[in-house]
Amino acid sequence: MSGPILIFDSGVGGLSVVTALREQMPGAPLAYVCDNAALPYGTKADAWLVRRIVQVCRAAVAASGARVLVVACNTASTLALDALRAAVTIPVVGTVPAIKPAAALSRSGVIGLLATSATVTRPYTDKLIDDFAGHCTVVRVAADGLVAQAERLLAGEPVDDAVIDAGLAPLWRAPALDTVVLGCTHFPLLRDVLDARAPRPLQWVDSGRAIARRVAQVAGGEAGGVVSGLSWATKPLRPGLQAGLATFGFADPTVLSASVIESG
Ligand code: DGL
């Protein structure tokens with residue numbers, strides 16, 4: 001297999017998965033695509049999202065010549081993995097909330113799921129909870145406001161503590177809760193901020209390492225001569241975000257044209 005490993009998210013959340021991939025596969029060529037023109041995904045209608053996700057991913061897979069597509073977005077993965085697998089010929093690895101490890105880690109059996117509105121209510125998420133956390137109480141928290149805060153942090157802009165506190169507040173209503181699933185790839189980028197705002201210590205669990213291990217299994221060996229660090233977006237990134245992307249080793253994104261996405 002040749003071509004880079006292509007990481008896809010609505011915005012910069014996929015960079016939390018990039019960190020795990022670089023640890024697992026230090027030499028692997030990576031490419032990044034974000035659908036920033038449609039950010040946030042977590043509050044959009046399912047039917048629209050499936051069509052959009054397939055169009056953007058198809059266009060980016062063609063532009064990058066990728067060998068694997070990593071859907072580094074829980075909101076997209078809990079909805080559109082089947083449609084994506086039918087639409088592209090390369091392997092597709094998804095990112096879904098780390099309910100299973102969180103249920104295993106929790107001592108109290110009370111865990112939180114911090115994710116987008118879409119992810120906390122999806123049938124896919126219901127099934128994960130039924131299958132792996134039947135013995136736990138799961139407090140589902142829709143924290144869409146944290147997505148923009150993660151984008152701000154990456155852009156070097158100040159984070160709004162009031163928004164962070166409002167996002168986390170429902171967790172504190174469950175005194176026994178000891179473990180929180182970061183079920184949106186944007187949220188591990190905010191981990192230090194979340195920790196600092198939490199009134200008591202919690203275990204934060206995300207899917208990054210598990211995704212990286214899965215990608216290593218399906219990606220095959222190192223591909224010599226493949227350019228690493230190219231990126232695509234659906235509209236230009238503001239300068240702060242370009243700089244943030246550069247700290248993860250990605251060049252300024254090429255904008256996928258609307259006609260390419262529409263014809264995808
Ligand atoms: N990073 C995405 C996720 O993992 C969601 C952000 C959004 O709402 O677009 O769910």
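The values are calculated or read from the model by the stated rules, or taken from the named source; none is laboratory data. Bear in mind the structure is a predicted one, so any value in this text is a computation, not a measurement. Using ideal geometry, Cβ is built from the backbone for each residue, glycine included, and neighbour counts are taken over all protein chains shown.
Values for this structure:
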| quantity | calculated |
| --- | --- |
| Cβ-Cβ under 6 Å pairs, at least 6 apart or on other chains, region 170-189 side under 19 Å from Gly42 (Cα atoms), far side more than 16 Å from the ligand (Cβ to nearest atom) and not in a helix (DSSP H, G or I) | Val180/Leu202 |
| Boolean, Trp232 is within 30 Å of Arg107 (Cα to Cα) and in a strand (DSSP E or B) | no |
| Top-ranked residue in region 215-232 [being under 27 Å from Glu151 (Cα atoms) and either surrounded by fewer than 14 Cβ atoms within 10 Å (Cβ to Cβ) or touching a Gly at 6+ places or on another chain (Cβ under 9 Å) (or both); ranked as modelled with the lowest pLDDT] | Val227 |
| Candidate set from region 100-125 (those that are within 13 Å of the ligand (Cβ to nearest atom) and assigned to a loop (DSSP other than H, G, I, E, B)); member that is surrounded by the fewest Cβ atoms within 10 Å (Cβ to Cβ) | Arg122 |
| Residue match in region 75-82 (condition: more than 13 Å from the ligand (Cβ to nearest atom), more than 15 Å from the chain's Cα centre (by Cα) and either surrounded by fewer than 21 Cβ atoms within 10 Å (Cβ to Cβ) or under 20 Å from Ala216 (Cβ atoms) (or both)) | yes |
| Looking only at region 22-40, and only at residues there that are farther than 15 Å from Ile7 by Cβ and at pLDDT 95 or above, the one that is farthest from the chain's Cα centre (by Cα) | Ala37 |
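Condition check ((1) touching an Asp or Glu at 6+ places or on another chain (Cβ under 9 Å); (2) within 22 Å of Arg85 (Cβ to Cβ)) across all residues:
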residue: Gly11; (1), (2): yes, no
residue: Val17; (1), (2): yes, yes
residue: Ala28; (1), (2): yes, yes
residue: Asp35; (1), (2): yes, yes
residue: Ala38; (1), (2): no, yes
residue: Gly65; (1), (2): no, yes
residue: Ala72; (1), (2): yes, yes
